Amino acid sequence: MNEREGFSVAGIPMVLFCIVLAIVGAAFYLNADHDARAVLLGVPFHILAAFLAKGFFQVAPNEGQVLQLFGKYSGTVRLEGLRWTNPFYSRRRISLRVRNFESSKLKVNDADGNPIEIAAIVVWQVVDTAEAVFCVDDYENFVHIQSESALRQMAQNYPYDAHDDGKPSLRSHGEVINNHLRDEIQARLEKAGVSVIEARISHLAYAQEIAQAMLQRQQANAIVAARERIVEGAVGMVAMALEKLRQQGVVELDEERKAAMVSNLLVVLCGDRSTQPVVNAGTIYS
């Protein structure tokens, strides 16, 4: 079922028409001169005016009024202001404003099987009032439940931390994760006439029972990565030093002395403590 425009007319002309009917009915009363038939002629005008008055309703900005005639969908009115429609129509107000909510913190297992806590903020808007009212029982509750279900499903597809630089993870690839989450929620809410404008992770952490162990692993990974960068830089500096000595002819070193120089430089550059210089008072071979 898709939304269509419902019947309505401007309310101000209808207000004037109802006033005219009431005035005509009152005129019959005033000119009756105790004539019962004249009084009875004025009654239908007042009844008609009262009946037509039931058709007035207001439409606020970014709002829709869903019209039903004896249970059958008759259209939606989005025109702002005072409107008038068939008095037999029942009306339901639907907000078209942008809304958002934050899901509860869910405990799920990531792609590596580690328990994590995750929550998300979802920004959404009703775009089809007919589907929102008639295709689901309670579209607001439907949005909340399906969003948490999509969040849980998405979190199980990614690891918390990336073990491979080319593979996205929940912690390091925020834009990719948020786009996937938005698409996952939108696919579930399509039937409810809801458009998901934005979805993003608002809380992400390891579950308490493994948080300490995971923190130690993160620290160990950081130390290993730092050491790799230090060693890579130190090897490059040693190679550059040997190349400069060879090009400028400062000193000729045999393979044994080159190996000793490389060893000393690596110790100096890669060590985590300050080195103590040793002065050699003899030749380089003693």
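The values are calculated or read from the model by the stated rules, or taken from the named source; none is laboratory data. If you're wondering where the values come from, they're calculated on a predicted model, not measured in any experiment. Because the Cβ atoms are built from the backbone with ideal geometry, glycine has one as well, and the counts that use them run over all protein chains shown. Ligands, DNA and RNA are stripped out before the accessible areas are found, and what is left, the full protein with its side chains, is counted by its heavy atoms. Shrake-Rupley method; radii C 1.70, N 1.55, O 1.52, S 1.80 Å.
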Looking at R97, is it out of contact with any helix residue (DSSP H, G or I) (no Cβ under 9 Å at 6 or more places or on another chain) and in contact (Cβ under 8 Å) with a residue 12 or more places away in the chain?
yes
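Which strands (runs of 3 or more DSSP E) sit wholly inside segment 1-83 and have at least 1 residues that are more than 22 Å from A130 (Cβ to Cβ)? Explain how you work it out, then say what you get.
Values: elements: 56-59, 63-69, 72-77.
In segment 1-83, 56-59 are the strands (runs of 3 or more DSSP E) which contain 1 or more residues that are more than 22 Å from A130 (Cβ to Cβ).
Residue check: is R246 under 30 Å from A162 (Cβ atoms), at pLDDT 70 or above and open to solvent by 90 Å² or more (accessible area, probe 1.4 Å)?
The answer is no for R246.
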Filter result (part of a strand (DSSP E or B), within 29 Å of I185 (Cβ to Cβ) and open to solvent by 60 Å² or more (accessible area, probe 1.4 Å)) within segment 84-97
R92, R93
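Could you please find all residues in segment 110-162 being free of Cβ contacts under 8 Å to residues at least 12 places away in the same chain and either within 27 Å of L69 (Cβ to Cβ) or open to solvent by 70 Å² or more (accessible area, probe 1.4 Å) (or both)? Walk me through it before giving the result.
Looking only at segment 110-162, we keep the residues that are free of Cβ contacts under 8 Å to residues at least 12 places away in the same chain, and these are 113, 137-138, 140-141, 145, 162.
Scanning segment 110-162 gives D137, D138, E140, N141, I145.
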Report every pair of residues separated by at least 6 positions or lying on different chains whose Cβ atoms are under 6 Å apart, first residue within segment 183-199 and without any contact (Cβ under 8 Å) to a residue 40 or more places away in the chain and of a type outside the set (D, E, K, R), second open to solvent by less than 80 Å² (accessible area, probe 1.4 Å) and not in a helix (DSSP H, G or I).
Q186/V196
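Of the residues L67, L106, L48, only one is farther than 30 Å from I121 by Cβ and under 34 Å from the mean Cα position of the chain (by Cα); which? Working first, answer last.
Working: L106 fails: farther than 30 Å from I121 by Cβ; L48 fails: under 34 Å from the mean Cα position of the chain (by Cα).
After ruling out the rest, the residue left standing is L67.
Just checking, does segment 169-176 include any residue being part of a helix (DSSP H, G or I) and in contact with a Pro (Cβ under 7 Å, 6 or more places away or on another chain)? Steps first, please.
The first filter runs over segment 169-176 and keeps only residues part of a helix (DSSP H, G or I), leaving 174-176.
Still in the list and also in contact with a Pro (Cβ under 7 Å, 6 or more places away or on another chain): 176.
Yes; the residues of segment 169-176 include at least one that is part of a helix (DSSP H, G or I) and in contact with a Pro (Cβ under 7 Å, 6 or more places away or on another chain).
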Does Q68 meet the test of being open to solvent by 70 Å² or more (accessible area, probe 1.4 Å), under 21 Å from E5 (Cβ atoms) and in contact (Cβ under 8 Å) with a residue 12 or more places away in the chain?
no
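Pick from segment 98-125 the residues that are outside any strand (DSSP E or B) and at pLDDT 90 or above: which of them is farthest from F142 (Cα to Cα)? Walk me through it before giving the result.
Here is the first cut: in segment 98-125, the residues outside any strand (DSSP E or B) are 98, 103-105, 110-114.
Adding the requirement that they be at pLDDT 90 or above leaves 98, 103-105.
Values: V98: 16, S103: 13, S104: 15, K105: 18 Å.
Step by step, filter segment 98-125, then rank; the result is K105.
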